[in-house]
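Here is the structure we will look at.
Here, each number is a calculation from the coordinates, and none is a lab measurement. The shown structure was predicted, so the numbers you read here are calculated from the model rather than taken from an experiment. All Cβ positions, even for glycine, are placed from backbone atoms using ideal geometry, and neighbour counts span all protein chains on display.
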Amino acid sequence: MLELSEPINVWVFFKGNLIQPWCFFWKARQIKVDKINLVHTSKDGSSIFYHFSISSNGNFYRLKFDTKSLKWFLEAVEEE
């Protein structure tokens, strides 16, 4: 798996107090989320981060949402 820390744009759905990525944009491509495999949180000082491990067309990605800056990052990629 290739580890990254690239800013990305993400379209999301809000369901109650949950956030669900629907698709994201990376390398001039729109990548639709087929499945959210795992969600967990982490902290760094007063910052809280949501990490999403997702699948799309047989590829795997890890996205991070920074609740303090409201920015998204692509953390890891495994593509065929």
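The length gained by stretching the chain between THR67 and GLU6 to full extension, at 0.36 nm per residue less their Cα-Cα distance, is 20.3 nm.
Put simply, the amide H of ILE48, placed in the peptide plane, has neighbours under 5 Å in THR67, LYS68, leaving out anything fewer than 5 places away on its chain. Given +1 at the Cβ of Lys and Arg, -1 at the Cβ of Asp and Glu and no other charges, the dipole of the chain around its Cα centre is 340 debye to the nearest 20. Estimated at 0.36 nm per residue, the fully extended path between GLU78 and SER47 surpasses their Cα-Cα distance by 8.5 nm. Compute the label zone of ASP34 within the range 52-80: residues whose backbone N is under 19 Å from the point 7 Å along Cα-to-Cβ. Those under the cut-off are 52-63, 76-80.
Give me the log10 of I(q) over I(0) for the chain at q = 0.14, 0.18, 0.19 Å⁻¹, as the Debye formula computes it from C-alpha points; what are the numbers? Log10 of I(q)/I(0), two decimals: -0.42, -0.70, -0.79.
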